[in-house]
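Contents: one structure, followed by commentary.
Values in this text are rule-based calculations from the coordinates and carry no lab data. For clarity, every value in this text was computed on a predicted model and none was experimentally measured. Note that each Cβ is placed from the backbone with ideal geometry, even for glycine, and that neighbours are counted across all protein chains shown.
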Amino acid sequence: MLPQLSRRVRATDAPIIVKTKQFIGSRQDVLSLAQGIVHWTPPAGALDLATEVIRDKGVSAYGPCAGLPALASALREKLATENGLPGHEVMVTSGANQAFTNLVLTLLDPSDAAVLFVPYYFNHLMALQMTGGGHSVVHGRCDPHTWQPDLDWLEQTLSGPDPPKMVVLVNPCNPTGVLLSREALERAAQLTARAGAWLVMDNTYEHFVYEGLQHHCISAPHIIHLFSFSKAFGMMGWRVGYIAYQDSGGLGAELAKVQDTIPICPPQLSQYVALGALQAGRPWVASQLDSIMGNRGTIIDALSPLGAMGSGVAGGEGAIYLWAKLPEGCEDDEAVVEWLVREHGVCVIPGSACGAAGYIRAAYANLQPEACREAGQRLKQGLQQLVAEGMAALEAVPLTGAVK
């Protein structure tokens with residue numbers, strides 16, 4: 001008889017992106033609005049830099065644990081000038097997901113609780129589930145109309161006798177596309193400081209802010225920031241993220257233990273691409289964002305059978321997502337997603353993967369405009385049928401999921 005797998009990993013949610021790709025495999029012509037990716041690739045200069053150094057013997061060796069000195073220096077300058085975070089140390093990681101896992105292992109003991117606001121980013125939950133069976137995830141509330149985190153709830157939760165040790169905020173939010181104000185961030189910082197809790201800010205979508213709004217970062221010793229190159233610079237497969245922190249209480253030395261155990265060092269070639277991307281900077285990113293503004297309008301229209309912005313549909317302020325409530329009686333959102341793939345050739349993410357059954361997340365940066373328009377038409381037709389027929393629309397379609 002084989003030995004048992006760990007209880008931690010068995011209790012971890014199945015990755016929804018893997019599952020949706022299995023759904024997509026059921027037909028050849030599916031257009032995906034599921035995975036949070038962009039349709040562009042890194043700046044040409046960044047790829048040229050990688051080409052120049054690829055044969056350098058040092059690139060094939062282990063690099064510094066916390067990242068290449070040239071990249072770390074450029075990131076510290078970027079943090080100070082663009083994010084208002086001077087005096088922060090940097091650890092480069094193999095993507096922002098690894099950065100978050102580094103923090104979970106460094107900051108939390110198995111008995112500690114962490115707050116994730118619902119709907120949450122699914123990989124944040126999975127990291128907490130798989131890294132320590134005793135981690136208690138406290139599901140924070142959001143306003144069901146604005147999808148802003150309920151900071152009154154947070155204040156009450158942190159005021160208890162055994163408050164959570166970590167609070168996680170994603171700004172702009174994955175999955176809702178909602179942006180946090182400076183006032184909200186400052187209040188969250190004050191509440192966590194008073195409770196002796198860490199505040200982890202995931203800024204993966206810092207560049208994706210629209211309509212004259214602004215992304216803010218705030219600074220304090222208990223606030224740790226995560227950033228990513230994947231989205232803005234089209235570097236999904238290069239896997240580069242980073243942690244920005246104030247090195248109080250020996251935090252950097254403890255993070256290094258985790259870093260050395262998992263990747264040893266981030267990939268050196270990828271870091272040169274990241275360095276080239278920083279040289280291209282925000283002007284280059286802004287030129288790419290122009291290509292998705294029409295996509296955003298396309299998908300807002302596609303979701304219109306479910307409601308209007310602010311009434312059934314949320315987001316559009318930041319990130320690359322829109323969030324929408326399915327019709328009453330359609331709480332089995334995973335079955336709805338599989339049906340949309342099989343019957344209408346379009347894929348989205350079920351809200352249950354983010355802790356909110358009966359919703360869907362649609363991404364609008366992963367397709368070129370023409371393909372996005374076709375995906376939007378398919379999604380709109382499917383949702384019109386769902387609104388008219390409810391879950392009865394699914395009954396004639398054999399599904400592999402919960403609904404048969």
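Brief remarks on what is shown
- The magnitude of the dipole of segment 44-281, with charges of +1 and -1 set on the Cβ of Lys/Arg and Asp/Glu and taken from the Cα centre, is near 400 debye.
- Under 20 Å of direct C-alpha separation, and excluding same-chain neighbours fewer than eight residues apart, Lys19 reaches these lysines: Lys404.
- Taking all pairs of distinct alpha-carbon atoms in the chain, Kirkwood radius in angstrom: 22.0
- In the chain, the calculated helix contribution to ellipticity at 222 nm averages -12500 deg cm²/dmol per residue, counting -39,500 (n - 2.57) for every DSSP H run with n ≥ 4.
- Computed on the chain, with alpha-carbon pairs under 8 angstrom and 6+ residues apart, the relative contact order is 24 percent.
- The chymotrypsin sites (Phe, Trp or Tyr not before Pro) found in segment 10-98 that occupy coil by DSSP, while having at most 12 further C-beta atoms within 10 Å, are Tyr62.
- For segment 175-286, a/c is not less than 1.5, where a ≥ b ≥ c are the root eigenvalues of the C-alpha gyration tensor, and a/b does not top b/c. That puts it in the oblate class.
- Segment 166-301, relative contact order in percent, only Cα pairs under 8 angstrom and at least six apart counted: 19
- Inverse of mean 1/r across different Cα pairs in segment 1-156, Kirkwood, Å: 19.9
- Within the listed set Gly237, Gly390, Gly212, the Gaussian network model of the chain (springs between alpha-carbon atoms below 10 Å) gives the highest mean-square fluctuation for Gly212.
- For segment 157-245, the set of GluC sites (Glu not before Pro) satisfying both a DSSP loop assignment and a count of at most 13 other C-beta atoms within 10 Å is given as Glu211.
- Taking a ≥ b ≥ c as the square roots of the eigenvalues of the Cα gyration tensor, segment 44-281 is classed as prolate, since a/c reaches at least 1.5 and a/b is larger than b/c.
- Residue-by-residue Karplus 3J(HN,Hα) for segment 10-17, coefficients 6.51, -1.76, 1.60, Hz, glycine and proline x: 5, 8, 7, 4, 6, x, 5, 5
- Maximal additional length on extending the Glu370-Ser304 stretch stands at 21.8 nm, based on 0.36 nm per residue less the C-alpha distance.
- Euclidean distance between Cα centres, segment 252-298 to segment 40-88, Å: 9
- Share antiparallel - DSSP beta bridges, the chain, percent rounded to 5: 50
- Along segment 69-82 the Karplus relation, 6.51 cos²θ - 1.76 cosθ + 1.60 evaluated at θ = phi - 60°, assigns HN-Hα couplings of x, 5, 6, 4, 5, 5, 5, 4, 5, 4, 4, 5, 8, 9 Hz to successive residues, with x for each Gly and Pro.
- For segment 49-158, the list of trypsin sites (Lys or Arg not before Pro) that fall in a loop by DSSP and count at most 12 other C-beta atoms within 10 angstrom reads Arg55.
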